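J.: Submitted below is the structure of interest, expressed as structure tokens.
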Amino acid sequence: MSIGTAVVTGGGHGIGRALCRRLHRDGATVVVVDVDAAAAATVAAEVGGVARVVDVADEAALAALVDEVERDIGVIDFFVSNAGVGFGDGESGAISAEGGLNPIDDRWEACWRINVMAHVYAARALVPRMLERGGGHLVSVASAAGLLSQIGDAAYSATKHAAVAFAESLAIDYGHRGINVSVVCPQAVATRMIGIADDSDTLDGGFGGNDVDGIMRAEDVADIIVDKSLDGRFLILTHPQVATYFQRKANDHDRWIGGMQRFREKLQG
Ligand SMILES: NC(=O)c1ccc[n+]([C@@H]2O[C@H](COP(=O)([O-])OP(=O)(O)OC[C@H]3O[C@@H](n4cnc5c(N)ncnc54)[C@H](O)[C@@H]3O)[C@@H](O)[C@H]2O)c1
């Protein structure tokens, strides 16, 4: 399938930026959506696309974006809900309440709205349109933390689980009606989220040196996402080891918790 118009949220940096580049190479008109106006403009200029400054946590703004793109640019064939945030637990661990992101100053609220509700808002705006025209791709970038858990970030883990569950519901309800739903569950990817600057030559220090199975480059992750989504895959694992960990967790959840407790101790010295 050739992609006419693609929208990538969080397209200004990291995995989203790499997705914009890949989709442009595939011939798509790319809409780069981000709260970082300068980054969105830079990526849009590079890929000959358009930049839109939208906070994905704002349903009305996201719906207006979909309206405007479909009216003025083209029907959206490929929409990636990629924007995401994680803040890490404070010193009190999983029960931490402090920290977050302006203007949403509670970390749980910010994670909930950006990592989960933004995917719901995008689907609400797009599913009726895609059903009417008989197809489209909805891609949710969740995380391996959505299948397993991110040690040291309870809000991130819980909301990424919710993003996976929401994608499952979308696939169950609409996957047989022409809409291809994919959910992406990567481990460490070299982006600002794990402390690596865009275009860094080195992966040193990424994830505080605690990545489990290596740090992937955003460009490689973007290629896997687009290829597998176009292949019609639901679950997209960029790090193949995640499938094994997920099976182990399903086989014996209690034993898996024991292993995670030991891993947490090791990380914390
Ligand atoms: N980097 C990793 O190791 C990793 C691993 C698993 C999953 N992920 C997920 O991949 C996705 C992309 O993250 P990344 O690693 O490229 O991080 P990143 O920080 O480089 O990029 C995230 C982008 O989202 C934008 N953004 C944040 N809040 C927004 C909002 N409310 N509205 C619009 N845009 C917003 C940011 O400005 C930024 O451009 C996230 O959902 C993240 O949880 C990342």
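We did not get these values from a lab; they are worked out from the coordinates using the rules stated. In this text, all values refer to a predicted model and were calculated from it rather than measured experimentally. So basically every Cβ, Gly included, is an ideal-geometry build from the backbone, and we count neighbours across all protein chains shown.
J.: Hey, what's the Kirkwood Rh for region 66-213 if you take every pair of different alpha carbons, in angstrom?
T.: It works out to 16.6 Å.
J.: Using the Karplus curve 6.51 cos²θ - 1.76 cosθ + 1.60 with θ = phi - 60°, what ³J(HN,Hα) values do you get for each residue of region 7-14, in whole Hz, with x for Gly and Pro?
T.: Residue by residue, region 7-14 yields 10, 10, 7, x, x, x, 9, x Hz.
J.: For all pairs of alpha-carbon atoms in region 5-267, what percent lies in each bin of width 5 Å, listed from the first bin to the last filled one?
T.: P(r) for region 5-267, in whole percents per bin: 1, 6, 13, 18, 20, 18, 12, 7, 4, 1, 0.
J.: Taking the number of other C-beta atoms within 10 Å as the exposure measure, put Thr29, Thr159 in order starting with the fewest.
T.: With the sparsest Cβ surroundings first, the list reads Thr29, Thr159.
J.: Any chance you could give the angle, 0 to 90 degrees and rounded to 10, that helix 253-267 forms with the longest Cα principal axis of the chain?
T.: Between helix and principal axis, roughly 80 degrees.
J.: Note down the net charge around Gly84, summing +1 for each Lys or Arg and -1 for each Asp or Glu among other residues with Cβ under 14 Å from its Cβ. Walk me through the intermediate numbers first.
T.: Details: positive: Arg17, Arg107, Arg113, Lys160, Arg192; negative: Asp34, Asp36, Asp55, Asp153.
Once all neighbours under 14 Å are counted, the net charge is +1.
J.: Moving on to the next point. Determine the percent antiparallel among the DSSP beta bridges restricted to region 1-147, to the nearest 5. Write out the running numbers ahead of the final one.
T.: Values: 1 of 18 bridges.
Bridges in region 1-147 are about 5 percent antiparallel.
J.: Binning every alpha carbon pair distance of region 199-269 at 5 Å from zero, what are the percents per bin?
T.: Going out from 0 Å in 5 Å bins, region 199-269 shows 3, 13, 16, 19, 18, 15, 11, 4, 0 percent.
J.: Could you put Val56, Val32, Val75 in order, starting from the residue whose Cβ has the fewest other Cβ atoms within 10 Å?
T.: With the fewest neighbours first, Val56, Val32, Val75 line up as Val75, Val56, Val32.
J.: Now a separate question. Given the chain, what percent of its DSSP beta bridges are antiparallel, to the nearest 5? Mind dumping the intermediate values first?
T.: Details: 1 of 27 bridges.
Expressed as a percentage, antiparallel bridges in the chain total about 5.
J.: Moving on. Quick one: which residues, 5 or more positions from Thr29 or on another chain, have an amide H under 5 Å from its amide H? H modelled 1.01 Å from N in the peptide plane, none for Pro or chain starts.
T.: Thr5, Ala6
J.: If you stretched the chain out fully between Arg124 and Lys266, how much longer would it get, using 0.36 nm times the residue separation minus the C-alpha to C-alpha distance?
T.: Using 0.36 nm per residue and subtracting the Cα-Cα distance, I get 46.8 nm.
J.: While we're on this one: Give me a comma-separated list of calculated 3J(HN,Hα) values for region 49-60, in order, Karplus coefficients 6.51, -1.76, 1.60 applied at θ = phi - 60°, integers in Hz, x for any Gly or Pro.
T.: x, 10, 9, 9, 8, 9, 8, 5, 6, 9, 4, 4
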